Every structure is written in structure tokens, then in C-alpha cells.
Amino acid sequence: DEGAVTEEPTHEANGTKTYRCSGCDRTKTESISPSLTDAKANITLSGALAYNGEAQTQGVVVTYGGHTLVEGTNYTLSDNVNTEVGDYRLTVTGKGLFKGEVELDYSIGKGTYDMSGVTFGDVTVTYDGNAHPLAISGNLPDGVTVTYENNDQTNAGTHTVIAKFTGNSNYNAI
């Protein structure tokens, strides 16, 4: 026959599959390893990643029958370290007692610049016929530039100056 599982594999031990000969009624058993593709296995990503300019590691949590498995002992990870914004695929491969291989998709999202130390405030000047251009205060994060619109006024009155910040494509718009 096709055999029947007579003892389920666990997170600590192989199971057993038994075959019975329909003609002679003899049995044969074989060991079956727990697999990362079994219904008892659960693999989840450990958290969302956002770009920060450095290599980032996408971790996983692997359980089997409700028991947490140990990376390096029960499974290995590959292709789970990347730096740039984008979509990636990592591989979890059974090790030791465990067999099977599972691929999971993950991504590194755009980062957010820390602009908390940058200010751009109102200024009042006395008319003298000269331009009094405004400027930001503070230090821009690496990779951020600033340009100004309407920042060269010489006439008396109230004027609106706009500071536009530009970063790179790995970050959310500022």
C-alpha cells in the first residue's frame, strides 16, 4: 500500500510511516523527518524593514508544532541581508532533523529623513533696498539638499519664501 503515518514527527524526533503488503500481510516501516513544509511548521517574518543606508537582516521565527526552532541547529537562512529599498526573497532550509525548504518574500521600504534639527522661520528686516535671503537653521541629513523659491526680494512688504528639500530615492519625500 501507500503507507500510513503511524507516528507523527515532532520538533525533537522523526516519525514513522508503516507500509503493509496486501498479499502477505507483512509490514515495513520507514523513518519520516519533520519538514518545514508540514502543516505543523509556521514561518513568520520578524518585522518590517526601512532603509537606513546600512545592510539590514530580515529575521524569521520558525515554529514546529508550537515549539520555536533554533537557527543554525534546525534551519538556516539565506538571502536575508540587503541594503537598498526593494523586494527580496529569502530561503529557510531545514537542517539537522528537519528537511524541506521554504521561500518567503520581504521588502525594505523607504526610510524617513530625520529633519527634527532643521528649522525655517519668519524673519523681519528693515527696508534698505537690498535682498535679505532667508536660510534654514540646523544641519541637513546626509544626502539632503535645499533650494529656495522667492528668496531674492528687495521690495518692502510681506513675502513668502519656500524652502524645498530634496533627498534620494531610498527615502520618503520630505
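The values are calculated or read from the model by the stated rules, or taken from the named source; none is laboratory data. Just so you know, these numbers come straight off a predicted model, no measurement behind them. Here Cβ is always computed from backbone atoms with ideal geometry, including for glycine, and neighbour counts include all displayed protein chains. Side chains included, ligands, DNA and RNA excluded: accessible areas come from the protein's heavy atoms. Shrake-Rupley method; radii C 1.70, N 1.55, O 1.52, S 1.80 Å.
Write down the Å³ per residue value for the convex hull defined by the alpha carbon atoms of the chain. Please report the intermediate quantities before stating the final value.
Working: hull volume 24.0 nm³, N = 174.
Per residue, the Cα convex hull of the chain comes to 138 Å³.
With a ≥ b ≥ c taken as the square roots of the eigenvalues of the C-alpha gyration tensor of the range 123-174, please select rounded if a/c is under 1.5 and otherwise prolate if a/b is larger than b/c or oblate if it is not? In terms of gyration-tensor shape, prolate. Think of the range 1-135 as a dipole: +1 on every Lys or Arg Cβ, -1 on every Asp or Glu Cβ, centred on the Cα centre; then among Gly65, Thr83, Leu45, Gly65 lies furthest on the positive end. For the range 42-97, the spread of Cα coordinates along the three principal axes comes to 37, 18, 15 Å, biggest extent given first. Surface composition of the chain: carbon plus sulfur atoms contribute 45% of the solvent-accessible area (1.4 Å probe, protein chains only, all chains present).
Among the GluC sites (Glu not before Pro) in the range 84-125, those placed in a DSSP loop whose Cβ has at most 15 other Cβ atoms within 10 Å are Glu84. Placing unit charges on the Cβ atoms of the charged side chains and taking the dipole of the range 19-174 about its Cα centre, the candidate lying farthest along the positive direction among Asn150, Gly129, Tyr106 is Tyr106. Remark: the range 125-134, residue by residue, has Karplus-estimated 3J(HN,Hα) of 10, 8, 4, 9, x, 9, 6, 10, x, 8 Hz, where x stands for each Gly or Pro and the curve is 6.51 cos²θ - 1.76 cosθ + 1.60 at θ = phi - 60°. Extension gain for the segment Lys95 to Ala173, taken as residue separation times 0.36 nm less the Cα-Cα distance, is 23.8 nm to one decimal. Note on the range 3-102: Kirkwood radius taken over Cα pairs, Stokes-Einstein applied at 20 °C and 1.002 mPa s, translational D equal to 138 µm² s⁻¹. In the context of the full set of protein chains, residues of the chain present 64 Å² of accessible surface per residue (probe radius 1.4 Å, heavy atoms only). On full extension, the segment bounded by Thr16 and Val123 gains 30.5 nm, given 0.36 nm per residue less the C-alpha separation. If only the Cβ of Lys and Arg carry +1 and only the Cβ of Asp and Glu carry -1, the dipole of the range 75-147 around its Cα centre is close to 300 debye.
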